[in-house]
Amino acid sequence: MTLRMSLTPPSEQLPPVPEFDIADDYESLVMDICQLLSETDCHFTVSGFGQEDWPVNVSYDLSSVIEQLPTAISNLQQGLDAEIDLYGQGIERRLNFTRSGNFVNIRCTSGTKWLPEPDVEVLSHEEATMLLVGLAREFGIAVQRALPDLAAKTPFAKW
């Protein structure tokens, strides 16, 4: 089973939330948006390393991934190592992306009793990059669908 990360966008737009103060810095903005998306039918899915459905959620786990995504994508595109740390309590898994020629070795390290089997998966460099770029695109679509006014004002409009 190969590593997969995907986001199913919400089926409809959220009603305006006038009392909600959206943050300006990237990390806080991501947390705010993921909190709002968690109130929809938006669904975050991760699988791989021997487990079909990882116990992840939109409000916290997706937020932690999206916060790290720009750096991870940039690093992979430049041929550098990258890391995605799903540090939330209960999931506690780190994905290390290491370039090896035209391939990327993805090592999963667990901070819980769960053990990845196998602990390394190999994707082509293009597949590994597209995995992360695809998730970024899906996040942009989810924000556009649920929060169109906000989507136009954020860095996610480019995704």
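Scan region 24-57 residue by residue and report those that are among the hydroxyl-bearing types (Ser, Thr, Tyr), part of a loop (DSSP other than H, G, I, E, B) and farther than 25 Å from Cys108 by Cβ.
First pass over region 24-57, keeping only residues among the hydroxyl-bearing types (Ser, Thr, Tyr): 26, 28, 38, 40, 45, 47.
Of the ones still in play, those that are also part of a loop (DSSP other than H, G, I, E, B) are 38, 40.
Hit for region 24-57 is Thr40, nothing else.
With respect to the conditions (1) buried (at least 20 other Cβ atoms within 10 Å of the Cβ); (2) at pLDDT 95 or above, Leu36 falls short on a single one, namely (2).
Once region 86-134 is narrowed to residues that are in a helix (DSSP H, G or I) and in contact with a helix residue (DSSP H, G or I) (Cβ under 7 Å, 6 or more places away or on another chain), the residue that is surrounded by the fewest Cβ atoms within 10 Å (Cβ to Cβ) is Val133. Selection of first residues in region 1-13 that are over 11 Å from Thr45 (Cα atoms) and of second residues that are acidic (Asp, Glu), restricted to Cβ pairs under 8 Å at least 6 apart or on distinct chains, gives the following pairs, ordered by first then second residue: Met1/Glu52; Thr2/Glu121; Pro9/Glu138; Pro10/Asp41; Ser11/Asp41. For region 135-152, filtered to residues that are more than 20 Å from Gln68 (Cα to Cα) and of a type in the set (D, E, K, R), the residue that is surrounded by the fewest Cβ atoms within 10 Å (Cβ to Cβ) is Asp149.
For region 53-73, the count of residues that are more than 14 Å from the chain's Cα centre (by Cα), among the hydrophobic types (A, V, I, L, M, F, W, C) and farther than 21 Å from Lys158 by Cβ is zero. Counting the residues of region 74-115 that are of a type outside the set (A, V, I, L, M, F, W, C) and more than 19 Å from the chain's Cα centre (by Cα) gives 8. A single entry from Asp61, Asp41 fulfils the requirement of being of a type in the set (D, E, K, R), in contact with a Pro (Cβ under 9 Å, 6 or more places away or on another chain) and open to solvent by less than 40 Å² (accessible area, probe 1.4 Å): Asp61.
The values are calculated or read from the model by the stated rules, or taken from the named source; none is laboratory data. These numbers were taken from a predicted model, which means no experiment stands behind them. With ideal geometry, Cβ positions are generated from the backbone for all residues, glycine too; neighbour counts draw on all protein chains shown. SASA here: full protein model, heavy atoms, side chains in, ligands and nucleic acids out. Shrake-Rupley method; radii C 1.70, N 1.55, O 1.52, S 1.80 Å.
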